[in-house]
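Engineer: First the structure, then my questions, so here it is.
The values are calculated or read from the model by the stated rules, or taken from the named source; none is laboratory data. Since the structure is predicted, the reported quantities are computational estimates derived from the model, not experimental observations. Positions of Cβ are generated from backbone atoms using ideal geometry, with glycine treated the same way; all protein chains shown enter the neighbour counts.
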């Protein structure tokens, strides 16, 4: 996805995002148990894991926000911007 974005473009990740404790939000923990038992190598990932992957892929300004459209399901939203190349300006 990062390669498809222009510098300064934003990436939105919506899903079951665990806190770094792996025990909250409760709904995401429940989905994680389902994923672990249903899918090969399936699991929910933590905010910290997402942040590490995004930063390694050249994303900056990584933030986590509540995803209010699916309130009650433990869904999270992570927003990240693709690093702008030095010397370029966005129009």
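Engineer: Does segment 36-82 hold any residues that are at pLDDT below 80, exposed (fewer than 11 other Cβ atoms within 10 Å of the Cβ) and on the phi < 0 side of the Ramachandran plot, and which are they?
Structural biologist: 68, 69, 71
Engineer: Please go through segment 22-58 and give me each residue that is assigned to a loop (DSSP other than H, G, I, E, B), out of contact with any strand residue (DSSP E or B) (no Cβ under 8 Å at 6 or more places or on another chain) and more than 15 Å from residue 80 (Cα to Cα), ordered by number. Can you show your working first?
Structural biologist: Start the filter on segment 22-58 by keeping residues that are assigned to a loop (DSSP other than H, G, I, E, B), which leaves 22-25, 39-44, 57-58.
Next, only the ones that are out of contact with any strand residue (DSSP E or B) (no Cβ under 8 Å at 6 or more places or on another chain) stay: 23, 39-43, 57.
The answer is 23, 39, 40, 41, 42, 43.
Engineer: Looking at segment 20-34, which of the residues that are over 13 Å from residue 76 (Cβ atoms) and in contact with a helix residue (DSSP H, G or I) (Cβ under 9 Å, 6 or more places away or on another chain) is surrounded by the fewest Cβ atoms within 10 Å (Cβ to Cβ)?
Structural biologist: Across segment 20-34, the extreme among qualifying residues is 23.
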